[in-house]
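The values are calculated or read from the model by the stated rules, or taken from the named source; none is laboratory data. The shown structure was predicted, so the numbers you read here are calculated from the model rather than taken from an experiment. Cβ: placed from backbone, ideal geometry, glycine included. Neighbour counts: every protein chain shown. Please note that ligands, DNA and RNA were not included when accessible areas were found on the heavy atoms of the full protein model with its side chains. Shrake-Rupley method; radii C 1.70, N 1.55, O 1.52, S 1.80 Å.
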Amino acid sequence: MAQYKFVIKGIYYSKNRTFPDLNDYLHECGRHPQLGGRLKRDYQIIAVNAIRKQLGRAKAEKPIQIHYAFYEADMGRDKGNIFSFADKVIEDALQKAGFLKNDNWVWIDRILSPDFYVDKDNPRIEVTLIETDWEG
């Protein structure tokens, strides 16, 4: 089974966050629906760039399992909020970058339980993609 890994590094959203969370997204949508769409689009571009830079032209030939490791600067945000926005954006980015043909049930076998850690000096999201033999 092929395995791929990429990392979304840096501090993009604020002094202690790599990505916004679901609450940030909902707040932007509440201000104006286009602002929520812009936020999602901006972070999708960040994810697409990380995928293309680190995985090159790799493409999944089989369905994948996704595992996330979130390294937060502190424990100030809810894990579910962190995961939910990042998962949606990254799945869409995998398709947009050409790694996946689609982000549906056929191509994403499962999402493995995410792990959460604190690394105040290097917040990031590590994404591991594992091809499987599952055929939906």
Those residues that are under 11 Å from the mean Cα position of the chain (by Cα) and modelled with pLDDT of 95 or more, I need them from segment 115-128; list them, please.
I125, E126, V127, T128
Per the list (1) of a type in the set (V, I, T); (2) farther than 24 Å from D133 by Cβ; (3) in contact with a helix residue (DSSP H, G or I) (Cβ under 9 Å, 6 or more places away or on another chain), residue check on I108 breaks on (2)
Quick check on N49: is it at pLDDT 95 or above and under 23 Å from Y25 (Cα atoms)?
yes
Select from segment 73-100 the residues that are open to solvent by 40 Å² or more (accessible area, probe 1.4 Å) and touching a Phe, Trp or Tyr at 6+ places or on another chain (Cβ under 6 Å) and list them in ascending order.
K79
Just checking, which of D24, D103 is within 26 Å of T132 (Cβ to Cβ), of a type in the set (D, E) and buried (at least 17 other Cβ atoms within 10 Å of the Cβ)?
D103
Could you check K59 against (1) under 18 Å from L112 (Cβ atoms); (2) without any contact (Cβ under 8 Å) to a residue 60 or more places away in the chain and say which number it fails?
(1)
Scan (1) without any contact (Cβ under 8 Å) to a residue 40 or more places away in the chain; (2) open to solvent by less than 30 Å² (accessible area, probe 1.4 Å) for the single condition F70 breaks and write down its number.
(1)
Report those helices (runs of 4 or more DSSP H) wholly inside segment 20-136 carrying at least 3 residues which are under 19 Å from F6 (Cβ atoms) and out of contact with any strand residue (DSSP E or B) (no Cβ under 7 Å at 6 or more places or on another chain).
33-55, 79-96
Can you find a residue that is within 12 Å of F116 (Cβ to Cβ), buried (at least 19 other Cβ atoms within 10 Å of the Cβ) and not β-branched (V, I, T) anywhere in segment 47-54?
no
